[in-house]
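Undergrad: I'd like to ask some things about the structure below.
The values are calculated or read from the model by the stated rules, or taken from the named source; none is laboratory data. What you see is a predicted model; the values in this text were computed from it and never measured. Methodologically, a virtual Cβ is constructed for each residue, glycine included, from the backbone with ideal geometry; neighbour enumeration extends over all protein chains shown. Each accessible area value is taken on the protein alone, full model and side chains, heavy atoms only, with ligands, DNA and RNA left out. Shrake-Rupley method; radii C 1.70, N 1.55, O 1.52, S 1.80 Å.
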Amino acid sequence: MKFFIDTADLDEIKTALDWGCLAGVTTNPSLYSRIGGKLEDFEDHMTKIANLCEGLPVSAESTATTAEGMIEEGRHLASLAPNIVVKLPIGAAGLEATHALKADGVNVNMTLIFSAPQALLAAAAGARYVSPFVGRFDDIGDNGIDQLATIVQCVKNYYTPDQCEIITASVRTPQHVTEAALLGADIATVPLGALEKCLKHPLTDQGLAQFEADWKKVTGQA
Ligand code: E4P
């Protein structure tokens with residue numbers, strides 16, 4: 001499974017890049033707002049992320065509300081850097097814009113996917129990525145992983161990863177990552193905090209402490 005980081009924070013992206021396992025970045029208006037982003041800096045900031053990530057797909061979300069607006073903004077965002085993927089919300093306007101942008105050779109990540117029919121329509125319109133959200137289902141007392149399972153099975157019945165990849169989004173926990181991988185989702189986009197939790201295991205900490213203590217005996221420092 002590929003790991004994307006779900007953030008607009010340059011330092012967080014640098015941290016994940018340093019780990020050597022980052023395959024892409026996803027952003028959204030809320031994540032940009034969370035870092036104190038200003039409208040006038042938006043394009044510059046997306047360009048910085050795209051350049052920092054050197055060829056990895058970076059999703060920049062359009063905030064237009066009509067198909068025409070999404071197409072115009074999408075073309076502009078895609079012109080900022082070759083690795084920018086235009087993120088569009090599922091809906092009639094989003095589908096129309098996806099179809100038009102695909103014809104231009106622009107990759108689209110269709111977001112806010114909560115059902116298999118939404119994902120199938122996005123893929124049929126030409127979305128390069130579909131982003132089903134997991135955590136937000138859990139937030140309302142549903143089971144996000146069960147929902148993801150249905151979406152993965154339906155999309156994989158018809159599309160190869162070369163055509164459409166599934167980005168597990170709204171990931172909150174290492175368990176979400178494990179379950180998404182078991183289901184065969186192509187990608188998980190994960191906030192840095194959850195990525196850091198994925199690194200941890202109490203037995204790893206315990207094992208490391210033991211190795212350090214034993215090595216001190218070997219070196220005569222114990
Ligand atoms: C997806 O690309 C979204 O940016 C993101 O995963 C949403 O996650 P949230 O539900 O934690 O806001």
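Undergrad: Angle between the Cα long axis of helix 42-52 and the longest principal axis of the chain, 0 to 90 degrees, nearest 10?
TA: The helix 42-52 is inclined about 50 degrees to the chain.
Undergrad: Given a Förster radius of 22 Å and the C-beta distance between Cys21 and Glu54 as r, what FRET efficiency does 1/(1 + (r/R0)^6) yield to the nearest 0.05? Walk me through the intermediate numbers first.
TA: Numbers: r = 15 Å, r/R0 = 0.68.
With a Förster radius of 22 Å, E is 0.90.
Undergrad: If you don't mind, there's one more thing I want to ask. How far, in degrees from 0 to 90, does helix 116-125 lean away from the longest principal axis of the Cα atoms of the chain, to the nearest 10?
TA: Taking Cα atoms only, the helix is inclined about 60 degrees.
Undergrad: Here's a follow-up. With each label point set 7 Å from Cα along the Cα-Cβ vector, what nm distance links Glu40 and Asp146?
TA: 5.1 nm
Undergrad: For Tyr158 and Glu212, compute 0.36 nm times the residue count separating them, minus their Cα-Cα distance, and round to one decimal in nm. All intermediate terms of the calculation are to be shown ahead of the outcome.
TA: Details: separation 54, 0.36 × 54 = 19.44 nm, distance 5.11 nm.
Extra length from Tyr158 to Glu212 when fully extended: 14.3 nm.
Undergrad: How many nm is it between the label spots at Met1 and Ser33, if each spot is 7 Å from the Cα in line with the beta carbon?
TA: Result for the modelled spin labels: 2.8 nm.
Undergrad: Taking θ = phi - 60°, what integer Hz values does the Karplus form 6.51 cos²θ - 1.76 cosθ + 1.60 yield along segment 98-110, in sequence order, with x for Gly and Pro?
TA: 4, 4, 5, 5, 4, 4, 7, x, 9, 7, 10, 10, 8
Undergrad: Gap in Å between the Cα centre of segment 15-84 and the Cα centre of segment 86-139?
TA: About 16 Å separates the Cα centre of segment 86-139 from the one of segment 15-84.
Undergrad: Another one. For the chain, which whole percent of the accessible surface, found with a 1.4 angstrom probe, sits on carbon and sulfur atoms? Working shown, then result.
TA: On the way: 6040 of 11200 Å².
About 54 percent, which is the carbon plus sulfur part of the accessible surface.
Undergrad: Further question on the same structure: Pull out the extension gain between Thr173 and Thr66, defined as 0.36 nm times the separation in residues minus the alpha carbon to alpha carbon distance; nm, one decimal. Intermediate values should be presented prior to the final figure.
TA: Details: separation 107, 0.36 × 107 = 38.52 nm, distance 3.44 nm.
Here the segment from Thr173 to Thr66 would lengthen by 35.1 nm.
Undergrad: Skip the ligands, DNA and RNA, and give the accessible area per residue of the chain with a 1.4 Å probe, whole Å². Walk me through the numbers on the way to the answer.
TA: Values: 11200 Å² over 222 residues.
Accessible area per residue, the chain: 50 Å².
Undergrad: Additional query: Given a 1.4 Å probe and heavy atoms of the protein chains only, how would you sort His176, His201, largest accessible area at the top?
TA: Solvent-accessible surface, decreasing: His201, His176.
Undergrad: Can you tell me the orientation of helix 144-156 relative to the chain, as the angle in degrees between its alpha-carbon axis and the longest Cα principal axis, to the nearest 10?
TA: Taking Cα atoms only, the helix is inclined about 60 degrees.
Undergrad: Continuing with the same structure: Please state the relative contact order of the chain as a whole percent: Cα pairs under 8 Å, 6+ residues apart? The partial results should precede the final answer.
TA: Working: 367 pairs, mean separation 37.2, N = 222.
Dividing the mean separation by the residue count of the chain yields 17 percent.
Undergrad: Continuing with the same structure: If you add up the charges near Val106, with Lys and Arg at +1 and Asp and Glu at -1, over every other residue whose beta carbon is less than 10 angstrom from its beta carbon, what do you get? All intermediate terms of the calculation are to be shown ahead of the outcome.
TA: Values: positive: Arg75, Lys102, Arg128; negative: Asp104.
Neighbourhood net charge equals +2.
Undergrad: OK, next. Let me check I've understood the local charge: for Gly37, count other residues with C-beta under 13 angstrom from its C-beta, Lys and Arg +1, Asp and Glu -1. What total comes out? All intermediate terms of the calculation are to be shown ahead of the outcome.
TA: Values: positive: Arg34, Lys38, Lys48; negative: Asp9, Glu40, Asp41, Glu43, Asp44, Glu61.
Net of charged neighbours comes to -3.
Undergrad: Can you list the residues, at least 5 places off or on another chain, whose amide H is less than 5 Å from the amide H of Val25, using H built in the peptide plane?
TA: Ile5, Val58, Ser59
Undergrad: If you don't mind, another one. So if each residue of separation counts as 0.36 nm, and I subtract the Cα-Cα distance between Thr219 and Thr204, what length gain in nm does that give?
TA: Working: separation 15, 0.36 × 15 = 5.40 nm, distance 2.23 nm.
My answer for the length gained is 3.2 nm.
Undergrad: What is the local net charge at Cys164, summed over the other residues whose Cβ is closer than 10 Å to its Cβ (Lys, Arg +1; Asp, Glu -1)? Working shown, then result.
TA: Values: positive: Arg128, Lys156; negative: Asp162, Glu165, Asp186.
Net of charged neighbours comes to -1.
Undergrad: Something else: Just by accessible area at a 1.4 angstrom probe, what is the order of Cys53, Cys154, Cys21 from largest to smallest?
TA: Numbers: Cys53 5, Cys154 35, Cys21 65 Å².
Of Cys53, Cys154, Cys21, the descending order of accessible area is Cys21, Cys154, Cys53.
Undergrad: How big is the chain in terms of Cα radius of gyration and Dmax, in angstroms?
TA: When restricted to the Cα atoms of the chain, Rg and Dmax are 19.4, 72 Å.
Undergrad: May I pose another question? Just the number, please: Stokes-Einstein D of segment 24-106 in µm²/s, Kirkwood Rh from C-alpha pairs, 4 °C, 1.567 mPa s. Before the final figure, lay out each step's value.
TA: Details: Rh = 12.8 Å.
My calculation gives 102 µm²/s for D.
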